[in-house]
Amino acid sequence: MAVRPVRRLHDTGRSGWWILIGIIPIVGWILLIVWYCTDTEAGDNQYGPDPKHGTSGGYQPPAAPYGSGQYGD
């Protein structure tokens, strides 16, 4: 279940191994919370494209639910 925190560390340009700093009581937890709250790096980094600024195709709205279209058109 540590996928999302590791992904968040990757968004900020840090390795997923930094999650192990959470083993250190209080100081490690505070540091991880600060990193989780920081903004993502602008542009792509070594872990992949920027999820916030959409360099990999941009935002695509979800598909319309089944049965929401007009019949006969």
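The values are calculated or read from the model by the stated rules, or taken from the named source; none is laboratory data. It should be emphasised that the depicted structure is a prediction, and the values quoted were computed from it without experimental measurement. Positions of Cβ are generated from backbone atoms using ideal geometry, with glycine treated the same way; all protein chains shown enter the neighbour counts. For the accessible areas, the whole protein counts, side chains as well, though only heavy atoms, and no ligand, DNA or RNA atoms are used. Shrake-Rupley method; radii C 1.70, N 1.55, O 1.52, S 1.80 Å.
Of the residues LEU20, LEU9, LEU31, which single one is modelled with pLDDT of 80 or more and in contact with a Phe, Trp or Tyr (Cβ under 6 Å, 6 or more places away or on another chain)? Walk me through how you get there before you give the answer.
On the way: LEU20 fails: in contact with a Phe, Trp or Tyr (Cβ under 6 Å, 6 or more places away or on another chain); LEU31 fails: in contact with a Phe, Trp or Tyr (Cβ under 6 Å, 6 or more places away or on another chain).
Exactly one of LEU20, LEU9, LEU31 is modelled with pLDDT of 80 or more and in contact with a Phe, Trp or Tyr (Cβ under 6 Å, 6 or more places away or on another chain), namely LEU9.
Determine the pairs where a residue that is not small (Gly, Ala, Ser), located within region 2-22, has a partner that is not in a helix (DSSP H, G or I) with Cβ atoms under 6 Å apart, the partner being 6 or more residues away or on another chain.
HIS10/TYR47; ASP11/THR40; THR12/THR38
Output the residues belonging to region 1-27 that are among the charged types (D, E, K, R), buried (at least 16 other Cβ atoms within 10 Å of the Cβ) and in a helix (DSSP H, G or I).
Across region 1-27, the qualifying residues are ARG8, ASP11.
Mind counting the residues in region 32-47 that are over 14 Å from ARG7 (Cα atoms), out of contact with any Ser or Thr (no Cβ under 9 Å at 6 or more places or on another chain) and open to solvent by less than 80 Å² (accessible area, probe 1.4 Å)?
1
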